[in-house]
């Protein structure tokens, strides 16, 4: 009975929040939870994390001179995270045409990331934020996992756009659209 009551409470809270957002009472940014967001048009929080390749750490500064899509996601092999990664992979040529690199970050270890990349044919880096330190610095952390947030960093290392609570099926195209807007 207690489990049913908990599910009912979660469902009710979710419904109330959706109605509040629809009526303009709560902004989507406020719903992001996870902590304060880094400031736009300032240097993005620096990081260096191990990748799935096992060939050492990958740093944001490695990509100075390129646009970087830093996307946080909860967990490898889950439906939403798989769909989001597949969409970024599908659109990878379009990102490269725009001088942009994709970096995925979750708390999964490099070995799990490697299995996920092999399973899904992913060719962009997935970084292991096992302690959650980087996720926290980006305001993308809750209950031991990264939240589904994306940050667009310009070639000078400045944060230019933030996407909170993204929808995996359409997110890559949203990021490409914003990238086109910022590069125009």
Note to self: What does the extension gain come out to for residue 167 and residue 109, with contour length at 0.36 nm per residue minus their alpha carbon separation?
What the structure shows: 18.5 nm
Notebook entry, point to check: Counting pairs of alpha carbon atoms under 8 Å apart in space and at least six apart in sequence, what relative contact order in percent does segment 59-163 give?
Noted result: 37 percent
Notebook entry, point to check: Once you sort the root eigenvalues of the Cα gyration tensor of segment 120-168 as a ≥ b ≥ c, which label holds: rounded (a/c under 1.5), prolate (a/b larger than b/c) or oblate (the other case)?
Noted result: rounded
Next item on the list: Using 0.36 nm per residue of separation minus the Cα-Cα distance, give me the extension gain between residue 119 and residue 156 in nm, one decimal.
Entry: 9.9 nm
Next item on the list: Determine the gain in length on full extension of the stretch residue 143-residue 90; use 0.36 nm per residue of separation and subtract their C-alpha separation, reporting nm with one decimal.
Entry: 16.1 nm
Item checked: Förster radius 25 Å - calculated FRET efficiency between residue 53 and residue 181 (Cβ-Cβ, nearest 0.05) -> 0.20
Margin query: Is the C-alpha gyration tensor of segment 34-183 telling us rounded, prolate or oblate? Criteria: a/c under 1.5 is rounded; beyond that, a/b larger than b/c is prolate, otherwise oblate.
Written below: rounded
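We did not get these values from a lab; they are worked out from the coordinates using the rules stated. Source: prediction; values computed, not measured. For neighbour counting, all protein chains shown are included, and Cβ atoms are generated from backbone atoms with ideal geometry for every residue, glycine included.
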